[in-house]
Amino acid sequence: MEGRLRSWFWALAAGAVLLIPVVERIASRNALAEGQERAETTLRQTVNALESHLRRFEALPALLAQDDDVGTLLATPGDAGRVAAMNRWLAETNALIEASDLYLIDLDGNTIAASNHARADSFIGQNFSYRPYFTAARDGGSGRYFALGTTSGVRGYYFASPVRDGAGRVQGVLALKIGVDEIEAGWRARDYRILVTDPEGVVFMSTDPGWLYRGLLPLTADRRARLTETRRYADADLAELPVVSSTTGGVALMRLADGDGAEREYMATQTPMPRAGWTVRVLLDTAPIRAQARLVVLAVALFLLVGLLLAWTVAQRRARLAERLAIQAAAQSDLERQVIERTADLTQANADLHRMQADLVQAGKLAALGRMSAALSHEINQPLAAARNYADSAGLLIDRGDLPRAQENIAQILGLIDRMAAIARHLRNVARKPNEPLKAVDLAAVVQDALGIAQARLVAAGAEVTLDLPADLPPVQGGPVRLQQVIVNVLSNAADAVEGLADRRIEVMARAEGDEVTLAIRDHGPGVAPAIADRIFDPFFTTKQVGSGLGLGLSISYNIMKDFEGDLRVANHPEGGAVFTLALRRARVRAMAAE
């Protein structure tokens, strides 16, 4: 029987191991798909914001070029008074529309008036005949161009419109420059990397300054010649940005180094902006995404392990039960045979009876071990339910794009997984001192965590919990996971006590007196009957219906409190209901320093 169980267990374990790579592939593919969807949403929002910003200024040069004073100045460029008036008008208008610069250029490309006339880097006297936006407007069209200012050294997008006389002839060009630094600064507050490239593949806007003026495409001689001719990036040092592209599950990936030299893998989405001649890319670091996939694999592996252990425990229990029944049947048969055959030998019969009783005691011990194994399942149910709630909530938060709160839920799930492992360890240590060292514990934080775990049971019972936890409550001596287990057990018993009653209040109050800190949990139920008060902390003692519990919760909690050098007491409140009091020792100064 034992051999068959072992073979069956290892077969299941092998199947679970083979399942893990499949789960990993599926989890990675799903996580990358979700990340790509988020990145594409961010890309659309970014492009819409850029296009909206450009449209705000696009029509202004053509409107301003229709002003009569603009045409008059181009007709009489030597009139100093008109030049001064135009400088003031351009400065006032530029401040009103919140642009970077606004300036007037004659047909030779020379700037004759500018909003920045009073600055040291004024455009007046500068020749911009080499700029494509000037040549397009001079030829009668609308000019649009992005470049690094040769005079100011500031990046900007240029709009230009021709200025015409009464006969429709082009007299000059009115140009408008808008800055992009403010837009770029807004991107840096986000979790994504954003970069914008020109038609030559050169990055001119980026959340990472180290990527600026770096080419995603090879900087061939033709590309360099075109950039030099228009002086798009003035004297900036252009270089190629090493990029390694790949595809996983239909998702485009890009590996490149950031400004600090650290190489990272990004999920890459991109879309062109044809009117501006730009290509916008949104990059999402895949490290958190792959970590999320690994977390899913870890959770699945843990659940498989727990399932295998539970299956092994059930199989072992059934085998032991069969053995016990066989022993009992054999003993009964032997007893009957001895009674028939040796009725005269009373002394021998008594000896046989004592032996049989010893066998039954041993069988009872085996049954207790079986119940302890079942208790493991009982104690793990609470964190499993809480983990399920946190997982469902995390799914909703991810769908809403609320990643910080989703990550908090995932951290809670990891904490609960650690707690399940700790519970299994603690149940093995019921009968002996655990090896976990005592340390300083924040009692208020543990109470809040315990309320979160017991929330589902409290809600099901309709219980109303009130807290009275002083802000200056000192830390106590114990272990956070096991102390949380004690509080959850007491809260669950309180919920059982008030369920179905008119008054379903549960009061939680903490006080510090000298070296002792007490946490009292009072329900408004029927209280504890005097006949069972002395037995309530005994193992396997329970007043619940069959199948509702094994009577281990309070016994385990009592032993845990003793391990903390504290105590767990129960009494009836004078006004009704039971009061469970956790008496804890104030944490020693040395323990607090160790924390």
Of (1) 24.8, 83; (2) 35.4, 150; (3) 39.3, 145, the label for Rg and Dmax of the Cα atoms in Å derived from the coordinates: (3)
Region 148-269 - percent relative contact order, Cα under 8 Å, separation 6 or more: 16 percent
Test item: Cα-centred dipole of the chain, Lys/Arg +1 and Asp/Glu -1 on Cβ, debye: 1580 debye
Applying a 10 Å radius around every beta-carbon, put 447-460, 302-315 in order of their mean neighbour count, most first. 447-460, 302-315
Taking a crude spin-label model, label points 7 Å out from Cα along the C-beta direction, the Ala391 to Arg264 distance in nm is 2.9 nm
Give the long-range amide H neighbours of Met205: residues separated by 5 or more places, or on another chain, with amide H under 5 Å away, using H modelled in the peptide plane at 1.01 Å from N. Val196
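Given contacts defined as C-alpha pairs under 8 Å and at least six residues apart, what's the relative contact order of the chain, whole-number percent?
Worked out over the chain, it gives 9 percent.
Fully extended, how many nm does the chain gain between Ala445 and Glu464 (0.36 nm per residue separation, minus their Cα-Cα distance)?
The span from Ala445 to Glu464 would gain 4.9 nm if fully extended.
Viscosity 1.567 mPa s, temperature 4 °C: what is the translational diffusion coefficient of region 439-594 from Stokes-Einstein with a Kirkwood Rh over Cα pairs, rounded to a whole number of µm²/s?
On the way: Rh = 15.9 Å.
Taking Rh from Cα pairs, D becomes 82 µm²/s.
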Kyte-Doolittle mean at least -1.0 and Cα extent at least 24 Å along the axis: which DSSP H helices of the chain qualify? 2-58, 80-97, 286-341, 346-400, 403-428, 480-498
Computed over the Cα atoms of region 37-139, what is the ratio Rg over Rh, Rh following Kirkwood? 1.09
For region 439-594, what does the relative contact order come out to in percent, with C-alpha contacts under 8 Å and a separation of six or more? 26 percent
Peptides 575-587, 328-340 ordered by average Cβ neighbours within 10 Å, highest first: 575-587, 328-340
Work out the charge dipole of the chain with +1 on the Cβ of Lys and Arg and -1 on the Cβ of Asp and Glu about the Cα centre, then indicate which of Phe204, Ala225, Met420 is farthest towards its positive end. Met420
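Can you tell me which of 173-183, 218-228 comes out highest on packing, and rank the rest after it, using the mean Cβ neighbours within 10 Å? All intermediate terms of the calculation are to be shown ahead of the outcome.
On the way: 173-183: 21.0, 218-228: 12.3.
Descending mean neighbour count gives 173-183, 218-228.
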Kindly give the semi-axes, whole Å and largest first, of the ellipsoid equivalent to region 182-288, taking each as the square root of 5 times a Cα gyration tensor eigenvalue. 23, 15, 14
Amide H partners (placed H, <5 Å) of Ala252, local residues excluded: Ala268
Amide H contacts under 5 Å for Ala147, placed H, 5+ residues apart: Gly156, Tyr158
Which whole-Hz ³J(HN,Hα) couplings does region 508-513 yield from phi under the Karplus relation 6.51 cos²θ - 1.76 cosθ + 1.60, θ = phi - 60°, glycine and proline marked x? 10, 9, 10, 9, 10, 9
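Every read-out reported here was derived from the displayed coordinates using simple, explicitly stated rules and does not represent laboratory data. A quick note: this is a predicted structure, and the numbers were derived from the prediction, not measured. Neighbour counts run over all protein chains shown; Cβ positions are idealised from the backbone, glycine included.
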